[in-house]
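> Quick one: structure below, then a few questions.
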Amino acid sequence: MFRDIEAFLRYFEGVNKRAMRDIAALPAAADGWTPPSGEGEKAWGINQLIGHMCGSRLYFASAYSGTGWVSPRPPDVSSRDRWVPALQSSFDAFKAKLANTPADWLDRRIEMIDSPGVTLPGWRILMMMMEHDIHHRSQIDTYAGLNGWDPPQIYNRSAETIGSLQDAQRAKHGVSGPSNPI
């Protein structure tokens, strides 16, 4: 649990760095790519998803800071060279809007946009933003995999690498039974 906004911002900075890393790793062919079918959000291409991530961060920051559930206009992410700077700029704006807010805002209740009378604590609004950001990063990483573009491993370790180390870990820690691949 985060006890102050600075701790949350430090953690989210790492999430943002991983988003920028994954987006930067996309090849030129990703610029303008859209799913072959779908409607609404299911039809959004990579450019639109990146713009949505940037704008949504500030949407949640607006709610947290008490200025309403207001969506800003997404940044121009019409070309690959704009993706990473837009993510960094949205992080910087998010951080500036929330830095130095009182610790008690984490527990302050915020009314939901679509459910009058229903409130959530500020910390939950921030977690919703982060989960939303990771959700769309994962969506982009999935599109990359489906297209044969290698998304970076989240912590520079693959499931296969961890699986190959399981027998040694079982032996070291006295765990019996067959090794289960991850």
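Nothing in this text is a laboratory measurement; each read-out follows from the coordinates by a stated rule. Quick caveat: nothing in here was measured; it's all calculated off a predicted structure. Positions of Cβ are generated from backbone atoms using ideal geometry, with glycine treated the same way; all protein chains shown enter the neighbour counts.
> Nearest 10 degrees, 0 to 90: what angle lies between the long axis of helix 122-146 and the longest principal axis of the chain (Cα atoms)?
50
> In addition: Can you tell me the 0 to 90 degree angle between the C-alpha axis of helix 83-98 and the longest principal axis of the chain, rounded to 10?
For helix 83-98, the angle is close to 60 degrees.
> So if I place +1 on the C-beta of Lys and Arg and -1 on the C-beta of Asp and Glu, and nothing else carries charge, what would the dipole magnitude of the chain be about its Cα centre? I want it in debye, nearest 20.
360
> Let me ask something else. How big, in percent, is the set of alpha carbon pairs in the chain lying more than 21 Å apart?
Result for the distance tail: 57 percent.
> Residue separation times 0.36 nm, minus the C-alpha to C-alpha distance between Ile154 and Met130: what's the value?
Taking 0.36 nm per residue and subtracting the Cα distance, the gain is 7.1 nm.
> Which whole-number percentage describes the relative contact order of the chain, with Cα contacts under 8 Å and a sequence gap of 6 or more?
24
> Under the 0.36 nm per residue contour assumption, what length would be gained going from the current alpha-carbon distance of Arg170 and Ser37 to full extension?
The span from Arg170 to Ser37 would gain 43.3 nm if fully extended.
> Further, regarding this structure: Roughly how tilted is helix 46-64, in degrees to the nearest 10 and between 0 and 90, from the longest Cα axis of the chain?
50
> In addition: Along the Cα→Cβ direction, 7 angstrom out, place labels at Ala96 and Arg109. What is the inter-label distance in nm?
Taking the simple label geometry, Ala96 and Arg109 are separated by 3.3 nm.
> Per q in 0.12, 0.16, 0.17 Å⁻¹, report the Debye log10 I(q)/I(0) for the range 62-143, using one uniform scatterer on each alpha carbon and no solvent.
Debye intensities relative to I(0), on a log10 scale: -0.44, -0.75, -0.83.
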